[in-house]
C-alpha cells in the first residue's frame with residue numbers, strides 16, 4: 001500500500017480509499033490536517049483509530065468556607081429544620097467587643113439557628129449562642145435525648161472554628177449538644193477564662209455611689225457565665241454571702257437593724273429565698289437610702305451656700321466700718337473721700353501729687 005494513502009477507520013472495509021491523502025513529514029510520519037482528526041495506526045495490517053487523549057477536567061479549587069444553614073441537606077430520617085415559614089424574619093443582632101475585633105451573633109427570628117461572625121469567641125457570646133440553640137430545639141420539638149450538634153455545626157463563621165468543625169464533622173455531629181459546647185469552650189476560649197471570672201466575682205464590691213442593682217447584676221451575670229465551665233456556677237447562697245460582705249458601708253448600716261428573710265413561701269411550702277427576690281428586697285432599702293443621702297446632700301449644700309453668703313456680707317460690712325465716709329460726701333464703699341479745700345490748698349503750696 002502506498003505510504004500516502006489511508007484506509008477507512010471503520011472495521012470491515014475491504015478496499016482502501018485512495019481519494020484521501022495526508023501530508024508526511026521528513027521522517028515519514030503522518031501529519032494531521034486539523035486538530036479534530038483522529039490518529040491512525042499504520043503499523044499493522046488492520047487499521048485501528050487512536051483518538052486524541054482527552055485530558056482530565058480538574059474541578060475548580062474552592063477555598064474552604066463555612067457552609068451556611070441552607071447548604072446543609074438533612075438526610076431522609078431527619079426533619080428539615082428551616083421549613084417553617086410563619087416565623088419572624090426580622091434579624092436580631094447583638095455585639096460584644098473582644099480583644100482584637102468585634103464578635104456579632106445574629107438570628108433571623110424566633111426559633112431559628114443563630115450565626116456567630118468572625119472574631120475572638122467570648123463566654124458571653126457562647127452562652128447566648130447556647131440559649132438560642134436550645135430555643136431552636138424547643139421550637140422543633142426535639143426531645144432532650146435527641147439533641148445532637150449536627151443541625152448547629154456550621155453556625156460559626158470564624159475560619160478557625162469552621163475549619164475545626166469541617167475536619168471533625170462526622171464526630172462532632174453525633175455528639176450531644178452540651179458535649180459539643182464543651183468542646184468549643186475547651187478549644188476556642190482562653191484557658192483561664194473561668195479562673196478570671198471567679199476572681200472578678202470575689203473581687204467585686206459596691207462603689208460609694210453605685211446602685212445596688214448594678215452591683216448585684218454584674219456579679220450574677222459573671223456567675224451565669226460559669227455554667228459553661230467544668231465546675232459550673234457558684235451556688236446562690238455563696239453569691240448572696242459575697243454580695244452582702246462587699247456592699248457599701250452606708251447600706252450595711254441601713255440593713256443592720258433589718259432582718260433579711262431566708263425563706264419564701266411558694267404555694268404551701270417554705271423554700272429558700274431565690275437570689276432574685278433576695279436582691280430585690282435589699283434594693284428597696286438601697287433606694288430609700290439613696291433618696292435620704294440625696295436629700296442630706298441637698299440640705300448640706302444649702303447650708304454651705306448660706307454660710308458662704310453670710311461670710312461675704314460680714315466681710316463687706318467690716319471693710320465699711322474701717323473706712324468711714326464724710327457725711328454728705330456721696331462716696332461709694334471702698335473709695336477715698338473727696339479732698340477738702342484746705343487739703344487741696346496744702347497740696348498746692350507744697351507741690352503735692354493728687355494722682356494717687
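Each value in this text was obtained by applying a stated rule to the coordinates, not by laboratory testing. Being a predicted model, the structure only gives us computed values, none of them experimental. Cβ atoms come from the backbone with ideal geometry, glycine included; neighbour counts cover every protein chain shown.
Look at the alpha carbon pairs under 8 Å that are at least 6 residues apart: their mean separation over the length of the stretch 194-290 gives a relative contact order of 29 percent. Taking 0.36 nm per residue of sequence separation and removing the Cα-Cα distance, the residue 135/residue 344 pair yields an extension gain of 65.1 nm. Placing pseudo-labels 7 Å out from each Cα toward the beta carbon at residue 238 and residue 168 gives an inter-label distance of 2.8 nm. In plain terms, the chain from residue 268 to residue 205 could stretch by 19.0 nm, reckoned as 0.36 nm per residue minus the Cα-Cα distance. Does the stretch 246-290 come out rounded, prolate or oblate, given a ≥ b ≥ c as the square roots of the eigenvalues of its C-alpha gyration tensor, rounded meaning a/c under 1.5 and, failing that, prolate meaning a/b above b/c? Prolate. Given their separation in residues at 0.36 nm each and the Cα-Cα distance between them, residue 290 and residue 144 gain 47.9 nm when the chain is fully extended.
Neighbour counting of Cβ atoms within 10 Å sorts the residues 133, 305, 353, fewest neighbours leading, into 353, 305, 133.
Under the simplified labelling scheme, the residue 118-residue 297 pair shows an inter-label distance of 4.7 nm, with each label point 7 Å from Cα along Cα→Cβ. When 304, 191, 198, 110 are sorted by how many other C-beta atoms sit within 10 angstrom of their C-beta, beginning with the fewest, the order is 191, 304, 110, 198.
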